Amino acid sequence: MKLKVVILIDWFLPGNRAGGPVRSVYSLIKALQDKVDFYVVTMNTDIFSDKAYSLKANEWTSYDGMNVFYFSKDFFSINTFLKVVSDVQAHVIYINSFWSFRFSILPLLLKKLNKISIPIILAPRGMLESGALNIKSFKKKLFLAVSKWIGLHKGILFHATSEDEKKAISKLFHNNLTVVISNLSFINHGVQEINKEKGILNLFYLSRISEVKNLHFAIQVLSKISIPVSYKIEYHIYGNNEEKEYFRQCKELAKQLPSNIEYVYKGVLNFQEVSNTIHNYHALFLPTKNENFGHAIVETLSCGRPVIISNRTPWNDVNDFNCGYALDLKEEEFICVIHKMLEMENEEYQKMCINAKTYIQQKLNKDFIISEYLKLFEYAAKSSHN
């Protein structure tokens, strides 16, 4: 009999704005759906939107071959949630958030009150790492103190996608078992070459526009680069501007850029447009404060493009493989690297592109990762700790 897994996630396809967790869950389902029956429970709107999807809500439906239950806001309640989850008769519940009330805190409370007996796996999706915890830290510290006091996460199995994330989880929940398995990100990327001329550099940002992703730092770096008038840098921004005031500040900063450095906000990319868009650029410039996986980084490398990132991601060894730069969050280091790439000519750049594709294929062993997820779900289903 196939395992049944209920996946809880605040936002899901066809929404595009919630970033990595949506891509993680989609890739997981597609990779394991012949071995596991997945049932996604989510809301029928995208992040920061009240517009309902033009799909059936409040009943099980099929989206791209996946079983999905889209709750409308007015239909969601403790009773309806419990009924939807219990009707599946799942072996495991897989939570994809730490702070979500509906799809993390509530099910854990119901588990604590013995209203839910199904084993739970919790994937915090990077939300417990220091770069993320430091934003709105008072509220987060208060919740963590209360949750520890009532034992909300007692006996819960955690899923981390990197060793760094495991350390962050273990620091807060040292009595819980934390399993490390990398995310899956297997969108099928062909590689389209792009020429690189000396003095021309086309960069892009692909992520949620929020303080933790550090867009303002990237703009500050570009504003301090001194280049000849004949040189040109493009920096195109793709992502949901979920923090309106922060986005406004970034736009104000961008006004300080010289005329030969072009900053353009291009909006939200649809799921299917990612690889074709990446192929239009020379490199990803994403100096994030924290990344437990980084789908944009993986997808860029998969498309045969180098990355310019911080050293706060799982991909710091891009430096050793000559397919990108993982740097301390110091402006001078990024300025130096962007100067280097700006001066770079086509032959050296093409080597970086080839290295990028080879590197990520070696790092992400699809068959091994799939087998590890299968073991995780089987262990959780049998575990008496839950």
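From the residues in segment 262-294 that are open to solvent by 10 Å² or more (accessible area, probe 1.4 Å) and assigned to a strand (DSSP E or B), which one is farthest from Tyr235 (Cα to Cα)?
Step by step, filter segment 262-294, then rank; the result is Gly267.
From Ala57, Ala31, Ala18, which residue is among the aliphatic types (A, V, I, L, M) and without any contact (Cβ under 8 Å) to a residue 40 or more places away in the chain? Let's see the steps before the verdict.
Working: Ala31 fails: without any contact (Cβ under 8 Å) to a residue 40 or more places away in the chain; Ala18 fails: without any contact (Cβ under 8 Å) to a residue 40 or more places away in the chain.
So the residue among Ala57, Ala31, Ala18 that is among the aliphatic types (A, V, I, L, M) and without any contact (Cβ under 8 Å) to a residue 40 or more places away in the chain is Ala57.
Within segment 170-178, does at least one residue satisfy the condition of being at positive phi and open to solvent by 80 Å² or more (accessible area, probe 1.4 Å)?
If we filter segment 170-178 for residues that are at positive phi, which is where we start, we get none.
No, segment 170-178 contains no residue that is at positive phi and open to solvent by 80 Å² or more (accessible area, probe 1.4 Å).
May I ask you to say which residue of Ile297, Ile233, Ile219 is β-branched (Val, Ile, Thr), open to solvent by less than 10 Å² (accessible area, probe 1.4 Å), outside any loop (DSSP other than H, G, I, E, B) and out of contact with any helix residue (DSSP H, G or I) (no Cβ under 8 Å at 6 or more places or on another chain)? Lay out the reasoning, then the answer.
Details: Ile233 fails: out of contact with any helix residue (DSSP H, G or I) (no Cβ under 8 Å at 6 or more places or on another chain); Ile219 fails: out of contact with any helix residue (DSSP H, G or I) (no Cβ under 8 Å at 6 or more places or on another chain).
Checking each option against the conditions leaves just Ile297.
Any idea which of Val307, Val318, Val337 is out of contact with any helix residue (DSSP H, G or I) (no Cβ under 8 Å at 6 or more places or on another chain) and either surrounded by 15 or more Cβ atoms within 10 Å (Cβ to Cβ) or over 13 Å from Leu201 (Cα atoms) (or both)?
Working: Val307 fails: out of contact with any helix residue (DSSP H, G or I) (no Cβ under 8 Å at 6 or more places or on another chain); Val318 fails: out of contact with any helix residue (DSSP H, G or I) (no Cβ under 8 Å at 6 or more places or on another chain).
Among Val307, Val318, Val337, only Val337 is out of contact with any helix residue (DSSP H, G or I) (no Cβ under 8 Å at 6 or more places or on another chain) and either surrounded by 15 or more Cβ atoms within 10 Å (Cβ to Cβ) or over 13 Å from Leu201 (Cα atoms) (or both).
For segment 1-119, which strands (runs of 3 or more DSSP E) that fit wholly inside it have 2 or more residues that are open to solvent by less than 20 Å² (accessible area, probe 1.4 Å) and among the hydroxyl-bearing types (Ser, Thr, Tyr)? Give the steps one after another, and end with the answer.
Working: elements: 3-8, 36-43, 60-63, 66-71, 92-95.
Qualifying strands (runs of 3 or more DSSP E): none found.
Output the number of the condition that Ala57 fails; it satisfies all remaining conditions of (1) touching a strand residue (DSSP E or B) at 6+ places or on another chain (Cβ under 6 Å); (2) closer than 29 Å to Ile181 by Cα.
Going through (1) touching a strand residue (DSSP E or B) at 6+ places or on another chain (Cβ under 6 Å); (2) closer than 29 Å to Ile181 by Cα one by one, Ala57 breaks only (2).
Matching residues to (1) charged (D, E, K, R); (2) in contact with a helix residue (DSSP H, G or I) (Cβ under 6 Å, 6 or more places away or on another chain); (3) touching a residue at least 12 places away in the same chain (Cβ under 8 Å):
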| residue | (1), (2), (3) |
| --- | --- |
| Met66 | no, yes, yes |
| Phe81 | no, no, yes |
| Gln89 | no, no, yes |
| Lys112 | yes, no, yes |
| Lys136 | yes, no, no |
| Trp149 | no, no, no |
| Asn175 | no, no, yes |
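Any residue that is farther than 27 Å from Lys167 by Cα, within 19 Å of the chain's Cα centre (by Cα) and of a type in the set (Lys, Arg) - is there at least one of those in segment 344-356? Spell out the reasoning first.
Within segment 344-356, the first condition is being farther than 27 Å from Lys167 by Cα, and the residues that meet it are 344-356.
Restricting the remaining residues to those that are within 19 Å of the chain's Cα centre (by Cα) gives none.
No; the residues of segment 344-356 include none that is farther than 27 Å from Lys167 by Cα, within 19 Å of the chain's Cα centre (by Cα) and of a type in the set (Lys, Arg).
Any idea which residue in segment 150-164 is modelled with the lowest pLDDT, counting only those that are touching a strand residue (DSSP E or B) at 6+ places or on another chain (Cβ under 8 Å) and surrounded by 16 or more Cβ atoms within 10 Å (Cβ to Cβ)? Before you say what the answer is, go through the steps one by one.
Initial filter on segment 150-164 (touching a strand residue (DSSP E or B) at 6+ places or on another chain (Cβ under 8 Å)): 153, 156-163.
Add one more test, that the residue is surrounded by 16 or more Cβ atoms within 10 Å (Cβ to Cβ), and what stays is 153, 156-162.
Working: His153: 94, Ile156: 95, Leu157: 96, Phe158: 96, His159: 96, Ala160: 93, Thr161: 89, Ser162: 86.
Here the residue is Ser162.
Name the pairs whose Cβ atoms lie under 7 Å apart, with the first residue in segment 273-297 and at positive phi, the second surrounded by 19 or more Cβ atoms within 10 Å (Cβ to Cβ) and of a type in the set (S, T, N, Q), and 6 or more positions between them or separate chains?
Note: pairs meeting the criteria are Gly294/Thr313.
Glu193: at pLDDT below 95 and over 18 Å from the mean Cα position of the chain (by Cα), yes or no? Reasoning before the result, please.
Details: at pLDDT below 95: yes; over 18 Å from the mean Cα position of the chain (by Cα): yes.
Answer is yes for this residue.
Scan segment 209-216 and tell me whether some residue there is out of contact with any Gly (no Cβ under 8 Å at 6 or more places or on another chain) and under 30 Å from Ile369 (Cα atoms).
Yes, because at least one residue in segment 209-216 is out of contact with any Gly (no Cβ under 8 Å at 6 or more places or on another chain) and under 30 Å from Ile369 (Cα atoms).
Being more than 28 Å from Leu177 (Cα to Cα), open to solvent by 10 Å² or more (accessible area, probe 1.4 Å), in contact with a His (Cβ under 9 Å, 6 or more places away or on another chain) and not hydroxyl-bearing (Ser, Thr, Tyr), is that true of even one residue in segment 355-373?
Yes: one or more hits.
Residues are listed down the side, and each one gets a yes or a no for (1) open to solvent by less than 20 Å² (accessible area, probe 1.4 Å); (2) within 30 Å of Lys382 (Cα to Cα); (3) among the β-branched types (Val, Ile, Thr); (4) in contact with a Leu (Cβ under 8 Å, 6 or more places away or on another chain):
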| site | (1), (2), (3), (4) |
| --- | --- |
| Lys166 | no, yes, no, no |
| Ile194 | no, no, yes, no |
| Glu197 | no, no, no, no |
| Ile200 | no, no, yes, yes |
| Ser223 | no, no, no, yes |
| Asn241 | no, no, no, no |
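Please go through (1) closer than 30 Å to Ile169 by Cα; (2) at pLDDT 95 or above for Ser100 and return the number of the only condition it doesn't satisfy.
Condition (2) is where Ser100 drops out.
The values are calculated or read from the model by the stated rules, or taken from the named source; none is laboratory data. Predicted model, so just to flag it, every value in this text is computed and none were measured. Positions of Cβ are generated from backbone atoms using ideal geometry, with glycine treated the same way; all protein chains shown enter the neighbour counts. Accessible surface areas use protein heavy atoms only, side chains included; no ligands, DNA or RNA. Shrake-Rupley method; radii C 1.70, N 1.55, O 1.52, S 1.80 Å.
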